[in-house]
Amino acid sequence: RTRFLADYRPWPFTVLETRLDVTLSPRGTRVRSALRLSRTGPGDLVLDGGKGLRTRAISIDGRTLDEADLSIGEETLTIGEALLPDSEFTFAADVEIDPQDNTALEGLYLSGGIFCTQCEAEGFRHITWYPDRPDVMAPFRVTIRSDLPVLLSNGNPVASGPGLAEWHDPWPKPAYLFALVAGALRAVSGSFTTMSGRQVALNVWVRPGDEDRAGFALDSLVRSMRWDEQVYGREYDLDVFNIVAVDDFNMGAMENKGLNIFNSKLVLASPDTATDTDYERIEAVIAHEYFHNWTGNRITCRDWFQLCLKEGLTVFRDQQFTGDMRSAAVKRIEDVVTLRARQFREDAGPLAHPPRPDRYEEINNFYTATVYEKGAEVIGMLKRLVGEDGYKAAMDLYFDRHDGDAATIEDWLKVFEDATGRDLTQFKRWYTDAGTPHVVMTEDWAATEAGGTLTLTLAQSTAPTPGQPDKPPRVIPLAVGLIGPNGDEVRPTEILELTEPQQSWRFEGLGARPVVSAHRGFSAPIMLRRTLSEADRALLLAHDTDPFARWEAGRSLGLDALIARATGTADAGAAYIAAIGDFLRDAAADPAFAALVLRLPPEEEAASVIADRGLTPDPDAIHAAREALAHDLAAANEAALAGLYDAMVVPGPYAPDAGPAGRRALRLDALALLTRLDGGDRAAALWDSASNMTEKMGALGQLVRTGRAAGALSQMEQRFRDNRLVMDKFFGVQPMAAPPADAVAVARRLAQRPDFDWKNPNRFRALVGGLGANHAAFHAADGSGYDFVADWLIRLDPVNPQTAARMFSLFETWPRYDATRRAHAVAALDRIAALPGLSGNTAEMVTRIRAAG
Ligand code: ARG
Ligand code: ZN
């Protein structure tokens, strides 16, 4: 069933208070609820509930209703208007649910003996009958009854005794922010004093034995709380802040008020079990969920179409935070790499949708790169257009005006208009229109006696996307600077605001023809097309003052080299190899940045650029081209790479900070290239000597790629067989890094192992997603990659539809490949679409993906 934004109607009641009394038991948890309601409009009382609710009794003001007075359907409970008191009344329900049977991990479920909840987006309806929509907000009072030692819910603790705990959350919230946790957990604790002097108790709850891996999460939380005060003036508003780590979780983490629940891989870290990348993600996600306290919880969304109101903004804020904690330039490049890999791909395929969609079937399928990452980019553009001061004034007004509200994108834009006086009518298209605009930039140089004038012309267009044939022009802020022929910056960054299909700008009084450094900082989520000679790109890589544009110049040379080789020119790339050679002389100056420059473009990106140029990518040719290019790049720069590999050793004990992490990253990127020459000798030596997981995994990836990993893998298994997170790496690295010709067989073998606990989302994603990330293996010409993934998604769908459906996006690029591959992909999709009893989540994904091509 399709839901439409245009159908929004307010609920005809207000919930003055929600009381829950929950008696926990694995097979029969009793949930007694009492909702104090007040009528605000005409209509029946309609509540949401799932199939798993065993309803024992329903009452109004203490009077139990007969079955005749109620109508209980598949998804709703209705009490007719005539049976309801006129003004205030109490609705009460007594239901029983089965957390142990809940493999979908939505609502209340058990994970390794821990009771926990996941309610966003529509999980609360699997706990009890309720108006499960984000615009219905209420204070909650919760009683938990259980013999388990730790009993947690939202808000502040008000009472606890043997077998009982009571919690009160004074801040009105929608049901999706409800949480409950119970188990034998241990806390790693700290405290935080807010800017107004309030003491907050902080706890990170983990399973006994995991305490020594929770310190970094706690430290990240403290830094997040301080940052949100300093940068956004936002203070925490309860006496306690609890974080819980659970092993079975459909996504990363959840911002439940005062009780964030996390996938354990985003909490637990120690030097010998987590990589630098894991640490950086933990820091970012702890911050993300904490920042939701204001952007998401205090101000929530009116309906799920507005999801990017909280997610885009909170991603933008967590990106700013990471930029401040680490290197802003490196973080920006990393974010662009992810955006292009996930969101551009989504925008160019059958699943394209705007950051604020106007229809959906299953909201859980819309927690996408477009809503999250493009949603964040749109805010970055807004900030660029209104400036730092305008942004700050608008944010202050947003918090002031909408605290306690369930708001919309219109409310958000109005705040920016009111605070800055800017008309955002055209800008709003970024929220309502899907697709990545293409901007073509052309240059015209008119020489004069003294020098000359440069005219830049920008032309924009956006290809149609499903359901949106016409794409009117958008507001595109394009940041440009000019670099003189000797490498000096002759014009600093300025923002060209493109609003028409085509516009020109003149730069006068230039001494000599400059090289245009365009799209600085990746100032808009567009694809920029321009003709720029290899020499000019090499100049930008060497001299640009903008780190993104500098990196982009190298990336563009690398992509062209890779694509030329993949489509015919066997030895292309001399300019790229020479430019990287020059760059390496200075690489040690900023190792984290240098690591990004040194990394070859991924095969998937090459495939997408080839498709964007109207050609058919050949995954095998792209893979071979990338291997050969890596080899030639290494051979031409062997001494410099070997020098860096030795120089980037980090002395002393492991620290996850940006400085040493950057050195390790550069060292490992040098290793990846050197392995092309030494066949894996350095990687084998590093595996033996490394004392941290970052270097271990860097070495292991190379050993798997070169077929020398057997010993390392068996050592890993010996040492870490009881550590689920490390074993996820074991399951992931093999299909991902194996030579494509072997990867499907490797994945099939791993899937036979008794410890392939496929009902655990992390383990499933490690193996099946690992194969999906091996471009040439997933897109194997014989269809074996598609079949492997399809078989497993078919198996997972009845158990955990949410996780299964979201992984279908692996198939979203099928129309870009050749006829043989397309036929295999279509066969796999049709096989799935024909299955009886397919979940609504998966059915929607398969239908939308299959409709393309
Ligand atoms: N709000 C959570 C976050 O971004 C994610 C919840 C995802 N929920 C879902 N059903 N996919 O922090
Ligand atoms: Zn979020």
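If you check Leu596, Leu532, Leu559 for being under 31 Å from the mean Cα position of the chain (by Cα), aliphatic (A, V, I, L, M) and closer than 30 Å to Thr499 by Cα, only one passes: Leu559.
From the list Ala628, Ala642, Ala655, the one residue that fits, being at pLDDT 95 or above, under 30 Å from the mean Cα position of the chain (by Cα) and of a type in the set (A, V, I, L, M, F, W, C), is Ala655.
Within the stretch 297-318, the set of residues being within 19 Å of the chain's Cα centre (by Cα), within 23 Å of Asn154 (Cα to Cα) and either more than 13 Å from ligand 1 (Cβ to nearest atom) or basic (Lys, Arg) (or both) comprises Lys310 only.
Tally the residues that are part of a strand (DSSP E or B) and either among the basic types (Lys, Arg) or within 35 Å of the chain's Cα centre (by Cα) (or both), restricting the search to the stretch 45-66. So the answer is 6. The set of residues from the stretch 220-241 being of a type in the set (Lys, Arg) and either at pLDDT below 95 or under 20 Å from Tyr391 (Cβ atoms) (or both) comprises just one member, Arg234. What tally of residues in the stretch 426-484 results from selecting those that are in a strand (DSSP E or B) and not charged (D, E, K, R)? Summing the residues that are in a strand (DSSP E or B) and not charged (D, E, K, R) in the stretch 426-484 gives 28.
Rundown of residues vs (1) buried (at least 23 other Cβ atoms within 10 Å of the Cβ); (2) free of Cβ contacts under 8 Å to residues at least 40 places away in the same chain; (3) more than 13 Å from ligand 2 (Cβ to nearest atom); (4) hydrophobic (A, V, I, L, M, F, W, C), yes/no style:
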position: Arg298; (1), (2), (3), (4): no, no, yes, no
position: Leu307; (1), (2), (3), (4): yes, no, no, yes
position: Gln320; (1), (2), (3), (4): no, no, yes, no
position: Gly323; (1), (2), (3), (4): no, yes, yes, no
position: Arg345; (1), (2), (3), (4): yes, no, yes, no
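Among the residues of the stretch 123-147, what is the count of those that are out of contact with any Pro (no Cβ under 6 Å at 6 or more places or on another chain) and either within 16 Å of ligand 2 (Cβ to nearest atom) or under 14 Å from Phe249 (Cα atoms) (or both)? So the count comes out to 1. The residues listed here are Ala819, Ala825, Ala780, Ala852; of these, the one that is surrounded by fewer than 18 Cβ atoms within 10 Å (Cβ to Cβ), closer than 18 Å to Ala607 by Cα and at pLDDT 95 or above is Ala819. A search for C-beta distances below 8 Å between a residue of the stretch 811-839 that is farther than 19 Å from Glu346 by Cβ and any residue that is charged (D, E, K, R) and assigned to a helix (DSSP H, G or I), counting only pairs 6+ apart in sequence or on different chains, returns His824/Asp787; Val826/Arg850; Ala828/Asp787; Asp830/Arg850; Ala833/Arg850.
Here Leu677 qualifies as assigned to a helix (DSSP H, G or I) and without any contact (Cβ under 8 Å) to a residue 60 or more places away in the chain. Taking the stretch 803-843 as the range and being part of a helix (DSSP H, G or I) and within 21 Å of the chain's Cα centre (by Cα) as the test, the residues that pass are Thr803, Ala804, Ala805, Arg806, Met807, Phe808, Ser809, Leu810, Phe811, Asn841, Thr842.
Tell me the residue from Val490, Val480 that is touching a Leu at 6+ places or on another chain (Cβ under 7 Å) and crowded, with 19+ Cβ neighbours inside 10 Å, please. On inspection, the qualifying residue turns out to be Val480. When restricted to residues that are over 13 Å from Gly155 (Cα atoms) and either within 16 Å of ligand 2 (Cβ to nearest atom) or not β-branched (Val, Ile, Thr) (or both), the stretch 232-266 contains 19. For Val789, the requirement of being in a helix (DSSP H, G or I), at pLDDT 95 or above and either within 26 Å of the chain's Cα centre (by Cα) or within 30 Å of Gly123 (Cβ to Cβ) (or both) is met.
Note on the stretch 680-691: residues that are crowded, with 21+ Cβ neighbours inside 10 Å and touching a residue at least 40 places away in the same chain (Cβ under 8 Å) total 0. Flag set for Ala179, criterion: within 16 Å of ligand 1 (Cβ to nearest atom), farther than 30 Å from Phe730 by Cα and buried (at least 22 other Cβ atoms within 10 Å of the Cβ).
The residue list Gly107, Gly123, Gly113 contains one member that is surrounded by fewer than 18 Cβ atoms within 10 Å (Cβ to Cβ), of a type outside the set (Phe, Trp, Tyr) and closer than 19 Å to Val22 by Cβ, which is Gly113.
Checking each residue in the stretch 203-226 for being closer than 14 Å to Arg186 by Cβ and either touching a Phe, Trp or Tyr at 6+ places or on another chain (Cβ under 8 Å) or assigned to a helix (DSSP H, G or I) (or both) picks out Asn203, Glu211, Asp212, Arg213, Gly215, Ala217, Leu218.
Among the residues of the stretch 360-375, is any at pLDDT 95 or above, surrounded by fewer than 23 Cβ atoms within 10 Å (Cβ to Cβ) and of a type in the set (Lys, Arg)? Checked against the condition, which is being at pLDDT 95 or above, surrounded by fewer than 23 Cβ atoms within 10 Å (Cβ to Cβ) and of a type in the set (Lys, Arg), the stretch 360-375 yields no hits at all. Scanning the stretch 79-103 for residues that are in a strand (DSSP E or B) and either small (Gly, Ala, Ser) or surrounded by fewer than 15 Cβ atoms within 10 Å (Cβ to Cβ) (or both) yields a total of 3.
Residues in the stretch 505-529 that are hydrophobic (A, V, I, L, M, F, W, C) and under 26 Å from the mean Cα position of the chain (by Cα) were compared, and the one that is nearest to Leu458 (Cα to Cα) is Leu528.
Going through (1) part of a loop (DSSP other than H, G, I, E, B); (2) within 30 Å of Ser689 (Cα to Cα); (3) of a type in the set (Asp, Glu) one by one, Glu235 falls short only on (2). Just one of the numbered conditions (1) of a type outside the set (Phe, Trp, Tyr); (2) within 30 Å of Gly467 (Cα to Cα); (3) buried (at least 16 other Cβ atoms within 10 Å of the Cβ) is not true of Ala6: (3). Among residues of the stretch 358-372 that are free of Cβ contacts under 8 Å to residues at least 60 places away in the same chain and over 21 Å from Asp7 (Cβ atoms), those with a beta-carbon under 6 Å from a residue that is within 16 Å of ligand 2 (Cβ to nearest atom) and basic (Lys, Arg) at least six positions away or on a different chain give the pairs Ala369/Arg342.
If the condition is being touching an Asp or Glu at 6+ places or on another chain (Cβ under 6 Å) and away from ligand 1 (no atom under 15 Å from the Cβ), then the stretch 353-391 contributes only Pro354. Within 13 Å of ligand 1 (Cβ to nearest atom), closer than 21 Å to Asn154 by Cβ, surrounded by fewer than 24 Cβ atoms within 10 Å (Cβ to Cβ) and not polar (S, T, N, Q) - does that describe any residue in the stretch 268-285? Yes, there is a match, as at least one residue in the stretch 268-285 is within 13 Å of ligand 1 (Cβ to nearest atom), closer than 21 Å to Asn154 by Cβ, surrounded by fewer than 24 Cβ atoms within 10 Å (Cβ to Cβ) and not polar (S, T, N, Q).
The values are calculated or read from the model by the stated rules, or taken from the named source; none is laboratory data. In this text, all values refer to a predicted model and were calculated from it rather than measured experimentally. Ideal geometry is used to build each Cβ from the backbone, glycine not excepted, and the neighbour counts take in all protein chains shown.
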